[in-house]
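Engineer: This is the structure I want to talk about, given as structure tokens.
The values are calculated or read from the model by the stated rules, or taken from the named source; none is laboratory data. Note that the coordinates shown come from a computational prediction; the quantities given were computed from them, not determined experimentally. Every residue, glycine among them, receives a Cβ derived from its backbone with ideal geometry; neighbour counts consider all protein chains shown. Heavy atoms of the whole protein, side chains included, go into the accessibility calculation; ligands, DNA and RNA do not. Shrake-Rupley method; radii C 1.70, N 1.55, O 1.52, S 1.80 Å.
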Amino acid sequence: MIVLGIESSCDETCAALVEDGNIILSSVIASQTDIHNKYGGVVPEIASRMHIEAIVPVIEEALLKAKLSIEQIDGVAATRGPGLIGALLIGFSFAKAFAYARNLKLVGVNHLEGHIYSSFLSKNIPKFPFISLVASGGHTNIYYVDSYENFELMGQTRDDAVGEAFDKVSKIMGLGYPGGAVIEELAKNGNSKNIHFPRTYLDKESFDFSFSGIKSAVLRFVTEHQENLYTLKPDIAAGFQAAVLDVLKFKLINACLKRDCTNIAITGGVAANRTFYEQLVNDTQKHGINVFAPKKELCGDNAAMIAARGYRMLINKNYSKFHHDVFSRNKIDSAGLK
Ligand code: KG4
Ligand code: ZN
């Protein structure tokens, strides 16, 4: 079965063609970050307009790259939420119209379930049960996943998402948006031991996160060290990154130990951070835990993960109706994501 996946929840317009839920025939991502960079973050109205311009060309390109014609598509999967309403509406409305015109079944995919499914798009996939981290600009969620349909939410951020913390720290240091990759790169030239930022573990039994305190701590430090900020920047980046990675690793390993499972799959834009992956592999070794991370282009927003999730929904006849609407906050579909 060939599924057309469409993703437009934030600032990337994406289309992909995926066969049988795990063979990527093409995956096209039109990123808007250069435009939003000027404003220091995503401007929802601009994002919607850019999606309108990009949606048809990305689908055409996906078909071209996969060497497929429209007639060969068997089903349509589009992100329904959570995300920016105006942005979601472009992709989901397009998907409705396309499915109607082609007489195809349509499924509305939960973006977070899509991220979890990006773990199934590699050669080496995690065995059930596994702990899944969705760490992006909008979410920091830990799930216990024991089947293709069951995602139990164990914990989430109570304020900023971890990617958001990277972005805000980058902005504080004048390094632009998005900040994750820039901070990771800068941190390589710094020493994480030179500046200590607080680790917010909350209740150590809880799997919830809080990243707003560390952002404020960085802001305070930067304000107090304006005169030699330039030379301190690599150490600030390294100190900040070490603090957030320590918390993520601690919670993930504890979640594994608590639920007696030996697999961790990290996903979302922050999972593209190689320092995170390498430290997690290192720290989990003594516990016999395996770590999985998708390829870089599948960590951030993409439509292949939406098609992969959509494939299972199509098989299960979990179809969307044409009157279904998009949603900005998580509330529908699967266990833990209600
Ligand atoms: O999953 P994603 O593409 O979009 C959302 O659903 O939010 O994630 C984007 C987030 C941004 O906050 C970005 O700064 C962060 O992922 N990110 C990183 C890295 N690459 C992207 N964070 C840390 N290290 C990275 N290398
Ligand atoms: Zn995302």
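Engineer: Just name the residue that is surrounded by the most Cβ atoms within 10 Å (Cβ to Cβ) out of those in the range 249-274 that are within 16 Å of the chain's Cα centre (by Cα) and more than 16 Å from ligand 2 (Cβ to nearest atom). Quick ask: steps written out before the conclusion?
Structural biologist: Let us first name the residues in the range 249-274 that are within 16 Å of the chain's Cα centre (by Cα), namely 264-274.
After this cut, where a residue has to be more than 16 Å from ligand 2 (Cβ to nearest atom) as well, the list is 264, 274.
Numbers: ILE264: 26, ARG274: 12.
Among residues in the range 249-274 that are within 16 Å of the chain's Cα centre (by Cα) and more than 16 Å from ligand 2 (Cβ to nearest atom), the one surrounded by the most Cβ atoms within 10 Å (Cβ to Cβ) is ILE264.
Engineer: Does any residue of the range 145-163 turn out to be open to solvent by 20 Å² or more (accessible area, probe 1.4 Å) and modelled with pLDDT under 95?
Structural biologist: No; the residues of the range 145-163 include none that is open to solvent by 20 Å² or more (accessible area, probe 1.4 Å) and modelled with pLDDT under 95.
Engineer: How many residues, within the range 173-232, are part of a helix (DSSP H, G or I) and in contact with a Leu (Cβ under 8 Å, 6 or more places away or on another chain)? Walk me through how you get there before you give the answer.
Structural biologist: We begin by selecting, within the range 173-232, every residue part of a helix (DSSP H, G or I); these are 180-187, 212-224, 226-232.
This time we only want the ones that are in contact with a Leu (Cβ under 8 Å, 6 or more places away or on another chain), so: 182-183, 186, 222.
Adding up the residues that qualify gives 4.
Engineer: Taking interchain pairs and intrachain pairs at least six residues apart, which have beta carbon atoms under 8 angstrom, with the first residue in the range 65-77 and closer than 20 Å to TYR117 by Cα and the second assigned to a loop (DSSP other than H, G, I, E, B) and open to solvent by less than 50 Å² (accessible area, probe 1.4 Å)?
Structural biologist: Once the first residue is closer than 20 Å to TYR117 by Cα and sits in the range 65-77, its partners that are assigned to a loop (DSSP other than H, G, I, E, B) and open to solvent by less than 50 Å² (accessible area, probe 1.4 Å) give ASP74/LEU104; GLY75/LEU104; VAL76/LEU104.
Engineer: Suppose we filter the range 6-34 for residues that are touching a residue at least 12 places away in the same chain (Cβ under 8 Å) and open to solvent by 50 Å² or more (accessible area, probe 1.4 Å); how many remain? Full working, then the answer.
Structural biologist: Residues of the range 6-34 touching a residue at least 12 places away in the same chain (Cβ under 8 Å): 6-22, 24-33.
This time we only want the ones that are open to solvent by 50 Å² or more (accessible area, probe 1.4 Å), so: 19-20, 22, 24-25, 29, 31.
Selection size over the range 6-34: 7.
Engineer: Here's another thing I want to ask about it. Across the range 72-103, which residue is surrounded by the most Cβ atoms within 10 Å (Cβ to Cβ) among those that are within 19 Å of ILE23 (Cβ to Cβ) and not small (Gly, Ala, Ser)?
Structural biologist: Only one residue fits best here, namely VAL76.
Engineer: For residues that are in contact with a strand residue (DSSP E or B) (Cβ under 7 Å, 6 or more places away or on another chain) and away from ligand 2 (no atom under 16 Å from the Cβ), tally how many sit in the range 1-49.
Structural biologist: 11
Engineer: Examine the range 123-137 for a residue that is among the aliphatic types (A, V, I, L, M), in a loop (DSSP other than H, G, I, E, B), open to solvent by 20 Å² or more (accessible area, probe 1.4 Å) and farther than 30 Å from THR223 by Cβ, and state whether such a residue exists.
Structural biologist: yes
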